[in-house]
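**Student:** Following this message is one structure expressed as C-alpha cells.
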Amino acid sequence: MYPNLYFALKDLFGISLPYLRFINSFGFFVALSFIAAAIVLTKELMRKEREGLLHYREEMVWIGKPASPSELSLNFLLGFILGFKLVGLFTADSALTANIQDYLLSMQGSWAAGIIGGLLFAGLKFYEKNKQKLPQPQEKKVRIWPHDRVGDLTIYAFIFGFAGAKIFNSLETWSDFVRDPIGSLFSFSGLTFYGGLICAALAIWYYARKNGIGFWHLNDAAAPGLMLAYAIGRIGCQVSGDGDWGILNSAYITANTGKPVLAGPGEFSHALQQNSQVYLPQFGSLDKVPHLAIKAPSFLPDWFFAYTYPHNVIGEGAHILDCNTQYCSQLPIPVFPTPLYETLTCLGLFFILWSLRKRLRVPGTLFGVYLILNGVERFLVEHIRVNSTYNLFGFHPTQAELISFGLVVAGVLIYFNLKRQNKGLSSPEPAPGSDTRVE
C-alpha cells in the first residue's frame, strides 16, 4: 500500500522525495477522477453542440470595469489560504503535519505566507482588470456554450458531492457521528459515494436549469464520465488502503511474510482468536465477523481474492515486523479487495456506455442505463463488503444496497418512460431554444 506518493515513488522507482509525503494517494486519485470526468463531459457536450442538440446562451457582461471589492476580497482569501497552508506544510512542526488531513482542517499554518499570498493574488487581479479598464465601461453580449461551463459544473460537483458524501456517511455511522459530530463531518476520511452522487446531482440539476442547459442531454453527457471517475476513485481506495475493502476470505490467513497463504484446518478460527483485539471492537463478537471461503483459481494470483493491505493508511490490523514508519499495519486475515473489483468492473461499464452514447437517440436513456449498471454493480459488490446494516422488516440491507436498488428502479423508470414519450425518435431533432422534447 502507498498512503502517499512518497512511498509509491520510493518503492517503485527508488526515488526519495520527502515533500511528496504531503500528497496522499487517495486524494491524488480523487483529483484525477474529477479531471477525467471533466474531460469526458467536455468532449460529449461539444459533440452534442456540433450535432445541434445543445445551444449557446447569450449573456450580457461588463467589459472595462476595474476590479470590484468582492473580486479583490475573493482573490485575497484564495491566496491567503494557499500561502497559509502550503508554506505551512514545510515550515510547521512535523508533528503537526504528520496527518495531512487533520493539518488542512486545523488553524495551523504560516500567517506571514498567507498574508503575502493574499496580497499577491489580489494584486494580480487588480493589475489584470486595470490593464483592461476602459474610460467608459461597456456592456457586451457574449455567447456561452454548455461546454464553457464545465469548470463551474466540476466545482459544484466537488463541493456538493463532498458535503453529501460526509452527510450520508454520518447517517451510516451514526454512533461515531453522535460521539464526535464536528470531527466526523470535518474529516477527509469516511466518504459515502452515493451520498455524494445524490447531492451533486441535485446541485447540477439546479445549475443546469438556471443556465438553460437541457437536463437530459447533460445527464447523458455526464454518464460515461461519472462511471470513469468512480473507477479511478476506487484506485485511490485500493492503493491507500482506506478501509473500504471486503469481508474476510476465510480460505486464507496472513503469513509472517505478509502474504496470503491457504489456511489449514482450524487456522482461520485460531487467527481470529489470536487477533481478537482487531475484530472485537468492530464486530462485537468473533462469531459475528463476516467471512467467505473462496480459493483463487490457478490462473489468478492469491491476492486477487485475499489481500492483506500492508501499510494501510488507517492503521488497521496487526503490526508489521521490523517496520518503523508511520504506516506499519496489515490485516492478520486477508480480505476481498473490493475496490480492485469495482475499478475493473466500472472501467468495463465505462466502455459500454461510451459505445452506446451515439446509439441511444432518446435524451436521458443513456443516463437511465448508467443508473441501472451502476446500481447493479454496487448492489452485487455489497454482498462481500464490510458495511453497517439496517433492520427493515426482518431484512438487513446496507445503505448502499438500499440506494443502489433505488437507482436501478429509477434507471428502469427513466429509460422506459422517456422511450415511451419519444416513441419513434430515431435521429436527433433539435428545436430552437431547446435541446430535448422531454423536460
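Bear in mind these aren't lab numbers, they're just calculated from the coordinates by the rules spelled out. All figures in this text were calculated on a predicted structure; none of them were measured in a lab. All Cβ positions, glycine included, derive from the backbone under ideal geometry; neighbour counts span all protein chains shown.
**Student:** Would you work out if the range 248-336 is rounded, prolate or oblate? Take a ≥ b ≥ c from the square roots of the eigenvalues of the alpha-carbon gyration tensor; rounded if a/c is under 1.5, else prolate when a/b is larger than b/c, oblate otherwise.
**Tutor:** The shape class here is oblate.
**Student:** If you don't mind, there's one more thing I want to ask. Pull out the extension gain between Q108 and Q132, defined as 0.36 nm times the separation in residues minus the alpha carbon to alpha carbon distance; nm, one decimal. Kindly include the intermediate steps, with their values, before the conclusion.
**Tutor:** Values: separation 24, 0.36 × 24 = 8.64 nm, distance 3.79 nm.
Full extension of this stretch gives 4.9 nm more.
**Student:** Same structure again: Return the FRET efficiency for the residue pair L120, W303: r is the Cβ-Cβ distance, R0 is 56 Å, and the value is rounded to the nearest 0.05. Don't skip to the end; give the middle numbers.
**Tutor:** Numbers: r = 48 Å, r/R0 = 0.86.
Efficiency, from the Cβ-Cβ distance: 0.70.
**Student:** Something else now. Under a straight-distance cross-link criterion of Cα-Cα below 23 Å, which lysines are reachable from K259, leaving out those fewer than 8 residues away in the same chain?
**Tutor:** Partners found: K10, K295.
**Student:** 7 Å from Cα along Cα→Cβ at both K10 and I23: what's the point-to-point distance in nm?
**Tutor:** Once both label points are built, they end up 1.6 nm from each other.
**Student:** Starting with the fewest neighbours, write out I372, I35, I232 ranked by other beta-carbon atoms found within 10 Å of each beta-carbon.
**Tutor:** Working: I372 18, I35 13, I232 21.
Lowest to highest Cβ neighbour count: I35, I372, I232.
**Student:** For a label point 7 angstrom out from the Cα of E59 toward its Cβ, which stretches of the range 197-235 have the backbone nitrogen within less than 18 Å?
**Tutor:** The answer is 203-215, 218.
**Student:** Can you give the net charge of the other residues whose Cβ lies under 14 Å from the Cβ of P301, counting K and R as +1 and D and E as -1?
**Tutor:** Working: positive: K259, K295; negative: D302.
Within the 14 Å Cβ shell, the charges total +1.
**Student:** Going through the cross-link list K48/K125; K140/K358; K48/K423; K140/K210, which pairs have a Cα-Cα distance over 31 Å in this structure? List each step's numbers first, then the result.
**Tutor:** On the way: K48/K125 34 Å; K140/K358 36 Å; K48/K423 21 Å; K140/K210 21 Å.
As for pairs spanning more than 31 Å Cα to Cα, those are K48/K125; K140/K358.
**Student:** Please list, in chain and number order, the residues 5+ apart from S329 or on another chain whose amide H is under 5 Å from its amide H, with Hs placed from the backbone.
**Tutor:** Under 5 Å from the amide H of S329: H311, N312, I320.
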